[in-house]
Number of protein chains: 4
Amino acid sequence: MLKFLTAGESHGKGLVGIIEGLPANLNIDIEFINNELKRRQKGYGRGKRMDIERDKIEIISGIRNGKTLGSPIAMIIKNRDWENWKEIMDVENIRLPKEKIVTRPRPGHGDLAGAIKYNHKDIRNILERASARETAMRVAVGSIAKQLLKAFDIEIYSHVIQIGKVKVETKNINKEQLEMADRSPVRVLDKQAENQIITEIDKTKEKGDTLGGLFEVVAYNVPIGLGSHVNWDRKLDGKIAQGMMSLQGVKGVEIGMGFESARRLGSEVHDEIYYENQYYRKTNNAGGIEAGISNGNNIIVKCAMKPIPSLGSPLNSVDMETKKAFEAQKERADVCAVPSASIVAEHILAWILANEITIKFGGDSISEMKDNYNRYIDYVNSR
Amino acid sequence: MLKFLTAGESHGKGLVGIIEGLPANLNIDIEFINNELKRRQKGYGRGKRMDIERDKIEIISGIRNGKTLGSPIAMIIKNRDWENWKEIMDVENIRLPKEKIVTRPRPGHGDLAGAIKYNHKDIRNILERASARETAMRVAVGSIAKQLLKAFDIEIYSHVIQIGKVKVETKNINKEQLEMADRSPVRVLDKQAENQIITEIDKTKEKGDTLGGLFEVVAYNVPIGLGSHVNWDRKLDGKIAQGMMSLQGVKGVEIGMGFESARRLGSEVHDEIYYENQYYRKTNNAGGIEAGISNGNNIIVKCAMKPIPSLGSPLNSVDMETKKAFEAQKERADVCAVPSASIVAEHILAWILANEITIKFGGDSISEMKDNYNRYIDYVNSR
Amino acid sequence: MLKFLTAGESHGKGLVGIIEGLPANLNIDIEFINNELKRRQKGYGRGKRMDIERDKIEIISGIRNGKTLGSPIAMIIKNRDWENWKEIMDVENIRLPKEKIVTRPRPGHGDLAGAIKYNHKDIRNILERASARETAMRVAVGSIAKQLLKAFDIEIYSHVIQIGKVKVETKNINKEQLEMADRSPVRVLDKQAENQIITEIDKTKEKGDTLGGLFEVVAYNVPIGLGSHVNWDRKLDGKIAQGMMSLQGVKGVEIGMGFESARRLGSEVHDEIYYENQYYRKTNNAGGIEAGISNGNNIIVKCAMKPIPSLGSPLNSVDMETKKAFEAQKERADVCAVPSASIVAEHILAWILANEITIKFGGDSISEMKDNYNRYIDYVNSR
Amino acid sequence: MLKFLTAGESHGKGLVGIIEGLPANLNIDIEFINNELKRRQKGYGRGKRMDIERDKIEIISGIRNGKTLGSPIAMIIKNRDWENWKEIMDVENIRLPKEKIVTRPRPGHGDLAGAIKYNHKDIRNILERASARETAMRVAVGSIAKQLLKAFDIEIYSHVIQIGKVKVETKNINKEQLEMADRSPVRVLDKQAENQIITEIDKTKEKGDTLGGLFEVVAYNVPIGLGSHVNWDRKLDGKIAQGMMSLQGVKGVEIGMGFESARRLGSEVHDEIYYENQYYRKTNNAGGIEAGISNGNNIIVKCAMKPIPSLGSPLNSVDMETKKAFEAQKERADVCAVPSASIVAEHILAWILANEITIKFGGDSISEMKDNYNRYIDYVNSR
């Protein structure tokens, strides 16, 4: 079983992550991780901060001579803007001037609930960790998971399928097309929709408003038999739903046909089973999961992301010190973070599948794990 | 922290559950549990088995003189139909006649994936546990959780908001109306929609087809501050999504405005903050959760359930022994289980909230826990 | 990874256990479980209750036709004395007569600390679960674990090596001798010591006093590589120490040479490494574990058990209601439970090793798991 | 519930730790942490490396203006010797010269078992993480835990009670004396024994041999009611045993009277209960824990540490590449690490108790947690 913990404030010294449980001797390509971090930072509609960040991973432990040791991997992404935040975020016990204390909660953020739960007067003590900045480390963690999955030929892609009211045509998308999503500044596979979306983002920015959207994540070549039906907390779809819903801004998750399947008749939904040398389906409405177990088809997940809560023209709120109404202050200038979220979601799925692979195939070195996998695949093909 | 495990096959001797971590001295009403079990068994569109079952809980441990001891609670729901299944499900090593072995996987079920994962020739070894029969014990577990929540005035309701293509009007539903949902055979709060749904179920049954739908679960009086933003696996919405997606047939989950929020502008989505003696909102599009923390508003969850996969006019499939095509056999005659699923979902949410209450307020007896809670509420009111 | 939960009061309806995570298709011999339960109940120096109990396991789920399904195994051991306790332990809310309420805590038991922690007036609410009666279910759980281990030729034995001040010679004990321990009423392998111990027990009984002792548990044929050095909570010796110390009455645990190794020079302690076709040692002072990893030698654990706290001539204590001094009441008439504890300890170790086997070798069916194991053993032999 | 993960190789860039679950607004004194790290590095009988290290903690996240945020705390201890190890420990995929590859496993270390388990040719890939260097981060983690405990007046001390064959008189040691242990270079409270031990260490060093020993850890002012009897994995003594046995070199753990209690009669072991305004005992043979629950007395743990396995005059072993016998190489020149281990053990116990405090009292800020604690203490005093 894999474990990870992350830490780090948005404007602190940096983000830290520790992963435990990976097999030894797995090849790790550091540049691949940096490239995934870069993919997260792109996207039309992001604000200025993305330029400052240029995230880079620093490996502290667990990897030697390009390979995992089997011991925990510790990683840091330093905050390149730290110099400007050193005083305000100081670890030492200094007294901050009153005007530096954030007392105005922003609707749609965890500011109000977090400040009350943790008994903070300064909302910064919440917003720094609640920020989606944290997802940079989740991408780093997922980039390691992706490299484990690669050893089993499992690949994960994503694309944006709606921003605001602009829908993207998504029928018959194949892997080759999905590989192209990064070429679009909004990660959509339909040139016309792309143009409409960019226009929509520009228009929304002018209004001082923000946009949400939908994205889809697809995992290819997932073996039959990950997850389990035996108890609720071992179901693969449940684990995926938790992972995705834990992504900042996500308010809805569906697997395969999802909400649409609720409107259809049974005969229109379930994927009939055929056999020719191996079992196959002509449809994949189940999104690759039946009874909480991967069924050998691609795993397909769609997520709904609400618009960014930090608006240019802010919303009504109440100062927590004075209890007086004010208009919420804005912290960032992003209009739309859906393309970036789709990248993070790839890494969330990568982590979940890597963990399942580890549980099912055991082993402490990548060769042991792959031997176990290969024989299982032989067995599957014999059924 | 609470823990539970359940066990039991659909046609085995019974279902068993163990709960650990409840405070001592909590009053437990056994009849309340039995009534919740009964609520799960009702619903227009269910097959004959519901009549046989008449589930009844038997408490084996952890409760004495009507109160929790603090020790684990073990519960059994005996299968009243066991006599008819004794041989086929025998624990002892007997040899079953070949015709009793299930080799034909049903599309939409875990039959194929499960039989391969666990290396079973007899699909019954999978379907018995994958069956939604298991949710009876989840309801029993949740009925204990509900009784803990009651000590904190937290109440949970549900209703069905769509079956097949028939939508139910859901605007401005209040708690008093939700209490009425049980009076409807399909658990909807709109008489006209109820009639349409019943007609739809009858029609679909004649066709040998099945129906899915949507339901909504609402938790009232949840205190601000359950869950946490600090790491992904402590987010309340993530935990709820996992719980709901682990329910048989659920393919989509949304919190608050959910997928609709992806289409809206930020200014239309986020719930502005006001203050008059206490903080309040005029809207609840967030569904009571911001940044993974409960914000004091009602928690609102919607789920999409696919149609039941066991059809009267079955789908194409392949016999796992002969590899020959056949039409999938049917196991049950339910047309629609959405009303029943909505009841189970109440109990899933109850469990998750009870667990959060236990984590936040600590304590080993209900009086200690409530003292901690009461003072926290005083503090919240002082902010 | 394996999980289990147990439940049940000493004089309640029965004990319940659920195990999750076992591979499918493992042969389960029910009589083997019953025999292990019987072994726990024997031992010179036990009181009358052992005669009443005659524990028998009832399997409710997870096993069909003599084989595991892969789904959770639920088990019950009914309390044969339940009729006599029905009223006093009633689940329903009845009012007990005052004289039935236990208010006098026994030194050495959890009575005082438990009653305060859980806010109970009636100490019975604590002592019923704190009782070593609970270990009957741990033996049942361990008997399933032993059957998994058997598939990997791992065997676990135990014997008593000291009772009170009488020490048993333990040098050069081999597996064949350990198999004989059950023939001794006090589970010792030295006839002379056996006689002395029996005399000691009789004498102590007359005095109304009790005895503790030491026992040793040995696991044979454990493969190299269980546990891990990478973090504290994955170390095999740490897990074993937790398991053993959690056994009622155990106050000390040592691995291999244990406390004696603290007195010796390094050159006298560490097991030198040799090679002839495979690596081997001439000594096993490490008790089969180095750096938290099994090293291929037998795993050897010794535990110290304090005397039973329920004395015939009771100790001073204070009534929790009146605060007046009294002599503690006695609950049972056992003089010495060390032989019984050694049996339970076998099953604790069996569980821990079964869990490690499951983590290392993965797999969802016993054939998949064994294939993975066999190839790993081939690899080990090639190093 | 608290969580932590650590990472880091002995000669890598540094050690990293992440702690999650602490309440907000707890005062953290960084210098206290550094001082605890210094305490770990002292002790007569340590080699040269201790001079190089001079460990210093760097806080990356989770603490701001001297207080915890409630978000995860990330910490780093940089390796001051990193420049000399940069090439040999390089993260990048370089090719090491053959003579830099460690192929000779040291008896008593995890070298052989680890290299086989993780399929490493270079034993350095194991020894770097198995090294007790890792305990520096455990001390840092424990130093945070100690600061939480301080808010509840819980204090933890340790002293060495035996090195090799030299025993230290330990009767009637009180807290004031324990505070003095740091003044002794071998952390003993008996001047005569101190001199004998120093002589013993010098003599053993000349012989090229090593020494183990015993140490005792005591926690003061632990409230009644931590841990639980309800299931094996919630017992406080079990958790302590796991923590201690996971410390490098520890082969035995006992609580209170420990192994000695196995030799005594019941009437000599159990701590009688008295009352005068509150419950008290005249003895503490139980070491503060009955039935897995703290009983209000001091918690007393003793551990046996084997001699350091890296000897000056090395032991016989076999080269894993050539399979030829050789004398094991030595990695370090410490003769005795018992004083240092006793410091680490304080921090292990601190962590376990901090976790229990968090579970029992809940709360998300230190004021909430303390309010809950204070009222519980009032309640305890009323029983």
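The values are calculated or read from the model by the stated rules, or taken from the named source; none is laboratory data. None of these values were measured; they are calculated from a predicted model. As a convention, Cβ positions derive from the backbone with ideal geometry for all residues, glycine included, and neighbour counts pool all protein chains shown. Keep in mind that these areas ignore ligands, DNA and RNA; they rest on the heavy atoms of the full protein, side chains included. Shrake-Rupley method; radii C 1.70, N 1.55, O 1.52, S 1.80 Å.
Number of residues in region D:121-161 that are without any contact (Cβ under 8 Å) to a residue 60 or more places away in the chain and closer than 30 Å to D:N297 by Cβ: the value is 1. For region B:321-342, the criterion of being in contact with a strand residue (DSSP E or B) (Cβ under 7 Å, 6 or more places away or on another chain), within 21 Å of B:I101 (Cβ to Cβ), modelled with pLDDT under 95 and crowded, with 22+ Cβ neighbours inside 10 Å is met by at least one residue.
Is it the case that some residue within region A:22-39 is surrounded by fewer than 20 Cβ atoms within 10 Å (Cβ to Cβ), within 25 Å of D:G62 (Cβ to Cβ) and in contact (Cβ under 8 Å) with a residue 12 or more places away in the chain? The answer is no; no qualifying residue exists.
Taking region C:301-314 as the search range and keeping residues that are open to solvent by less than 10 Å² (accessible area, probe 1.4 Å) and facing chain D (nearest Cβ under 7 Å), which one is farthest from C:K251 (Cα to Cα)? Applying the filter and picking the extreme gives C:L311. Of all the residues in region C:87-96, those that are in contact (Cβ under 8 Å) with a residue 40 or more places away in the chain and either assigned to a helix (DSSP H, G or I) or more than 28 Å from the chain's Cα centre (by Cα) (or both) number 1.
Once region C:113-146 is narrowed to residues that are touching an Asp or Glu at 6+ places or on another chain (Cβ under 7 Å) and facing another protein chain (nearest Cβ under 10 Å), the residue that is nearest to C:L26 (Cα to Cα) is C:R129.
Look through region D:206-238, keep the residues that are without any contact (Cβ under 8 Å) to a residue 60 or more places away in the chain and more than 8 Å from chain C (Cβ to nearest Cβ), and return whichever of them is nearest to C:K251 (Cα to Cα). Within region D:206-238, the match that is nearest to C:K251 (Cα to Cα) is D:R234.
The condition (being closer than 22 Å to A:G249 by Cβ, open to solvent by 10 Å² or more (accessible area, probe 1.4 Å) and of a type in the set (S, T, Y)) is satisfied by just one residue among B:S267, B:S294: B:S267. In the set (1) open to solvent by 10 Å² or more (accessible area, probe 1.4 Å); (2) part of a helix (DSSP H, G or I); (3) not aliphatic (A, V, I, L, M), the condition left unmet by A:G363 is number (2). Residues in region B:146-162 that are in contact with a Ser or Thr (Cβ under 8 Å, 6 or more places away or on another chain) and either open to solvent by 50 Å² or more (accessible area, probe 1.4 Å) or small (G, A, S) (or both): B:S158 alone. For beta carbons closer than 9 Å, sequence separation of 6+ or different chains, a first residue in region B:269-282 that is free of Cβ contacts under 8 Å to residues at least 12 places away in the same chain and a second that is of a type in the set (K, R) and open to solvent by 80 Å² or more (accessible area, probe 1.4 Å), the qualifying pairs are B:E272/B:K282; B:Y274/B:K282; B:Y275/A:K324.
The residues on offer are C:R124, C:R138, and the sole one that is under 30 Å from B:I366 (Cα atoms), open to solvent by 10 Å² or more (accessible area, probe 1.4 Å) and under 18 Å from the mean Cα position of the chain (by Cα) is C:R138. Does D:S143 meet the test of being within 16 Å of the chain's Cα centre (by Cα), of a type in the set (S, T, N, Q) and either crowded, with 18+ Cβ neighbours inside 10 Å or farther than 30 Å from D:L22 by Cα (or both)? The answer is yes for D:S143.
For region A:337-383, a residue qualifies if it is in contact (Cβ under 8 Å) with a residue 24 or more places away in the chain and at positive phi, and exactly one does: A:G363.
For region B:239-290, the candidate set comprises residues that are more than 22 Å from A:A262 (Cα to Cα) and part of a helix (DSSP H, G or I); within that set, the residue that is farthest from the other protein chains (Cβ to nearest Cβ) is B:E268.
Checking B:T170, B:T210 one by one, the residue that is surrounded by 24 or more Cβ atoms within 10 Å (Cβ to Cβ) and more than 25 Å from A:I126 (Cβ to Cβ) is B:T210 and no other.
The residue that is surrounded by the most Cβ atoms within 10 Å (Cβ to Cβ), counting only those in region A:7-16 that are within 15 Å of A:I59 (Cβ to Cβ) and facing chain D (nearest Cβ under 7 Å), is A:V16.
Per the listing B:G12, B:G43, B:G17, the residue uniquely among the small types (G, A, S), in a loop (DSSP other than H, G, I, E, B) and touching a Phe, Trp or Tyr at 6+ places or on another chain (Cβ under 8 Å) is B:G12.
Kindly check whether there is at least one residue in region B:191-201 that is among the polar types (S, T, N, Q), over 30 Å from D:S365 (Cβ atoms) and open to solvent by less than 40 Å² (accessible area, probe 1.4 Å). Within region B:191-201, none of the residues are among the polar types (S, T, N, Q), over 30 Å from D:S365 (Cβ atoms) and open to solvent by less than 40 Å² (accessible area, probe 1.4 Å). For region A:333-356, check the following and say yes or no: at least one residue is within 14 Å of chain C (Cβ to nearest Cβ) and over 24 Å from A:Q41 (Cα atoms). Yes, because at least one residue in region A:333-356 is within 14 Å of chain C (Cβ to nearest Cβ) and over 24 Å from A:Q41 (Cα atoms). Screening region B:87-105 for residues that are modelled with pLDDT of 90 or more and more than 8 Å from chain C (Cβ to nearest Cβ) and picking the one that is most open to solvent (accessible area, probe 1.4 Å) gives B:E87. Here B:K165 meets the list (1) within 14 Å of chain A (Cβ to nearest Cβ); (2) in contact (Cβ under 8 Å) with a residue 60 or more places away in the chain; (3) surrounded by fewer than 20 Cβ atoms within 10 Å (Cβ to Cβ) almost entirely, failing just condition (2). Which members of region C:366-380 meet the condition of being facing chain A (nearest Cβ under 9 Å) and not charged (D, E, K, R)? Within region C:366-380, C:S367, C:M369, C:N372, C:Y376, C:Y379 meet the criteria.
For the structure I just gave you, tell me whether A:I173 is within 30 Å of C:A24 (Cα to Cα) and either free of Cβ contacts under 8 Å to residues at least 60 places away in the same chain or touching a Gly at 6+ places or on another chain (Cβ under 7 Å) (or both). It is false that A:I173 is within 30 Å of C:A24 (Cα to Cα) and either free of Cβ contacts under 8 Å to residues at least 60 places away in the same chain or touching a Gly at 6+ places or on another chain (Cβ under 7 Å) (or both). For region B:69-86, the tally of residues that are surrounded by fewer than 24 Cβ atoms within 10 Å (Cβ to Cβ) and assigned to a loop (DSSP other than H, G, I, E, B) stands at 4. Those residues that are closer than 17 Å to A:K146 by Cβ, out of contact with any Ser or Thr (no Cβ under 6 Å at 6 or more places or on another chain) and in a loop (DSSP other than H, G, I, E, B), I need them from region A:204-238; list them, please. The answer is A:N221, A:P223.
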